[in-house]
Amino acid sequence: MKSSPQTTAPNWLRPDELARLSSLELRARGVVEGFLQGLHRSPFVGYSVEFSSHRRYGPGDDLRHVNWKVFARQRKLYVKEFDAETNLNLYLLVDASRSMQCKIDGAMTKYEYAATLAAAMAFLALKQRDAVALGLMDDGVRQYLDPSVKPGRWEDCLRMLAQTPERPVTELAKSLEQAAAVARHRGIVIVLSDMVDDVAGIQRGLQQLRHRGHEVVLFHILDPFERYLAKQGRVRVLDMEGSADVTTDVESIRGDYLHRIEQWCDELEDVCRHQGVDRLELTTDQPPTGALVDYLVRRTR
């Protein structure tokens with residue numbers, strides 16, 4: 001019977017603790033360290049590696065690669081050999097539009113949260129010799145690094161992610177379609193975004209990525225305030241990607257607001273389900289390490 005990796009929460013850094021770290025690199029390393037402490041066996045290990053042959057077990061060989069069925073028959077230890085090439089291509093697409101600068105109840109902006117997660121996933125993938133690609137999106141893919149495992153790739157990712165989002169408009173459909181064009185080799189595409197765009201357009205973009213044979217995962221990142229809204233009080237709402245500026249009493253809009261948010265999230269979930277895309281909804285008050293562990297554990301089941 002296949003055992004599931006075990007998790008433990010006490011060592012996870014909370015978002016407010018991560019926010020006090022002065023650089024993206026430190027925040028990402030904090031997530032990685034919490035991940036490695038909380039997961040006894042990384043589900044990244046051996047993912048998408050093709051079996052090649054067997055050879056006799058030697059000192060220092062990884063016991064996880066021992067073929068125990070062969071041992072049961074022959075009473076000799078053989079290990080499975082795998083192709084030594086890169087396991088997979090990991091494409092990280094981070095929304096860098098102005099709406100991602102939102103920070104109300106969360107300890108970090110949505111962009112800081114997304115960048116921290118992306119940097120942590122890049123670090124883990126590169127440790128596995130997986131090729132990492134990175135793209136920043138707004139009204140298109142503005143910056144892009146092709147998949148690579150070369151030395152210094154993580155530092156390249158950190159430099160790109162450390163930039164502050166400036167462009168005001170989100171066009172996820174256009175961005176995802178452009179990403180499908182530049183992501184020439186099949187792999188895993190991870191999209192980190194607040195998904196503030198037309199759902200039909202997002203669906204078209206996802207279709208393009210899936211048509212290219214990619215596995216696609218959406219990390220849908222929201223500030224707790226915009227997801228759940230305060231229960232009372234007077235608020236001023238600014239459209240970070242437009243000119244709207246509204247002041248209102250929360251009590252008068254909360255019911256309708258929460259209904260519309262649920263409808264929107266349900267619609268996104270339906271689109272993802274029909275496209276064979278995993279969607280993880282996160283708020284920026286959740287530990288990024290926990291989000292990463294929960295997803296990777298789910299992949300192994």
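The values are calculated or read from the model by the stated rules, or taken from the named source; none is laboratory data. No experiment lies behind these values; they were computed from the predicted model shown. Every residue, glycine as well, gets a Cβ built from its backbone with ideal geometry; the counts of neighbours run over all protein chains shown.
Among VAL49, VAL66, which is touching an Asp or Glu at 6+ places or on another chain (Cβ under 8 Å), modelled with pLDDT under 80 and surrounded by 15 or more Cβ atoms within 10 Å (Cβ to Cβ)?
Details: VAL66 fails: touching an Asp or Glu at 6+ places or on another chain (Cβ under 8 Å).
Criteria check complete, one pass: VAL49.
If you take the residues in region 89-111 that are among the hydroxyl-bearing types (Ser, Thr, Tyr) and not in a loop (DSSP other than H, G, I, E, B), which one is modelled with the lowest pLDDT?
Restricting attention to region 89-111, the residues satisfying the condition of being among the hydroxyl-bearing types (Ser, Thr, Tyr) are 91, 97, 99, 109, 111.
This time we only want the ones that are not in a loop (DSSP other than H, G, I, E, B), so: 91, 99, 111.
Details: TYR91: 97, SER99: 89, TYR111: 94.
Once the filter is applied, the top-ranked residue is SER99.
Any idea which residue in region 98-155 is surrounded by the most Cβ atoms within 10 Å (Cβ to Cβ), counting only those that are touching a residue at least 12 places away in the same chain (Cβ under 8 Å) and on the phi > 0 side of the Ramachandran plot?
Filtering region 98-155 for residues that are touching a residue at least 12 places away in the same chain (Cβ under 8 Å) and on the phi > 0 side of the Ramachandran plot, the one surrounded by the most Cβ atoms within 10 Å (Cβ to Cβ) comes out as GLY140.
All but one of (1) modelled with pLDDT of 75 or more; (2) surrounded by 15 or more Cβ atoms within 10 Å (Cβ to Cβ); (3) closer than 28 Å to VAL196 by Cα hold for LEU13; state the number of the condition that does not hold.
(1)
Within region 74-88, identify whether any single residue is within 30 Å of ALA180 (Cβ to Cβ), surrounded by 12 or more Cβ atoms within 10 Å (Cβ to Cβ) and modelled with pLDDT of 75 or more, and answer yes or no.
Yes.
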